[in-house]
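Q: Here it is: the structure, laid out below.
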Amino acid sequence: MKLYYSPGACSLSPHIALHEAGIAFEPVMASTKSHKLQDGTDYYGINPLGYVPMLELDDGTRLREGPAIVQYIADLAPAKNLAPAAGTMQRYRLQE
Ligand SMILES: N[C@@H](CCC(=O)N[C@@H](CS)C(=O)NCC(=O)O)C(=O)O
């Protein structure tokens, strides 16, 4: 999977979560100012909303919004206890 991120931005939490989960991923830097990737690709062509973080799964599915992304990552690695189990009150407390 790919994580579209920008240094020092709110994409840091999914970046950390991916490392904590031990999940292999490709970090792709997207400028929050120019909205270009390092190779010059227009980031708006990838994410029409223009912001990071965005996670792209191997099947091409794209997931936005930091809170959704970190919970998705946590659910991929339940043994790492990064988030309470889905459906529990503790999970809703996390979302709250
Ligand atoms: N609602 C989004 C907001 C993401 C967001 O505001 N990202 C900022 C960096 S912290 C960004 O990419 N700003 C550039 C832009 O919006 O064009 C989320 O929570 O993930």
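Readers should treat all values here as calculations from the given coordinates under stated rules, not as data from a laboratory. If you're wondering where the values come from, they're calculated on a predicted model, not measured in any experiment. Virtual Cβ from ideal backbone geometry, glycine too; neighbours counted across all protein chains shown.
Q: Quick one: residue 69 ticks every box in (1) near the ligand (Cβ under 10 Å from one of its atoms); (2) free of Cβ contacts under 8 Å to residues at least 12 places away in the same chain bar one, so which box is it?
A: Just one mismatch for residue 69, condition (2).
Q: OK, next. When you look at residue 51, is it within 14 Å of the ligand (Cβ to nearest atom) and not in a loop (DSSP other than H, G, I, E, B), yes or no?
A: no
Q: Let me ask another. The conditions are (1) touching a residue at least 12 places away in the same chain (Cβ under 8 Å); (2) in contact with a Phe, Trp or Tyr (Cβ under 9 Å, 6 or more places away or on another chain), and residue 84 fails exactly one of them. Which is it?
A: Among (1) touching a residue at least 12 places away in the same chain (Cβ under 8 Å); (2) in contact with a Phe, Trp or Tyr (Cβ under 9 Å, 6 or more places away or on another chain), the lone unmet condition for residue 84 is (1).
Q: Another question, then. Would you pick out the residues in segment 17-53 that are under 22 Å from residue 80 (Cα atoms) and either surrounded by 15 or more Cβ atoms within 10 Å (Cβ to Cβ) or among the hydroxyl-bearing types (Ser, Thr, Tyr) (or both)?
A: 17, 18, 20, 21, 25, 53
Q: Okay, moving on. Against the definition (within 13 Å of the ligand (Cβ to nearest atom) and surrounded by fewer than 17 Cβ atoms within 10 Å (Cβ to Cβ)), how does residue 91 come out, yes or no?
A: Criteria not met by residue 91.
Q: Follow-up. Looking at segment 55-73, is at least one residue within 17 Å of the chain's Cα centre (by Cα) and on the phi > 0 side of the Ramachandran plot?
A: Yes, some residue in segment 55-73 is within 17 Å of the chain's Cα centre (by Cα) and on the phi > 0 side of the Ramachandran plot.
Q: Could you list all residues from segment 62-88 that are surrounded by 10 or more Cβ atoms within 10 Å (Cβ to Cβ) and in a loop (DSSP other than H, G, I, E, B)?
A: 65, 77, 81, 82, 83, 84, 85, 86, 88
Q: Answer yes if at least one residue in segment 9-26 is within 23 Å of residue 95 (Cα to Cα) and aromatic (Phe, Trp, Tyr), and no otherwise.
A: Within segment 9-26, not a single residue is within 23 Å of residue 95 (Cα to Cα) and aromatic (Phe, Trp, Tyr).
Q: Return the residues of segment 1-16 that are away from the ligand (no atom under 13 Å from the Cβ), surrounded by 15 or more Cβ atoms within 10 Å (Cβ to Cβ) and outside any loop (DSSP other than H, G, I, E, B); say none if nothing qualifies.
A: 2
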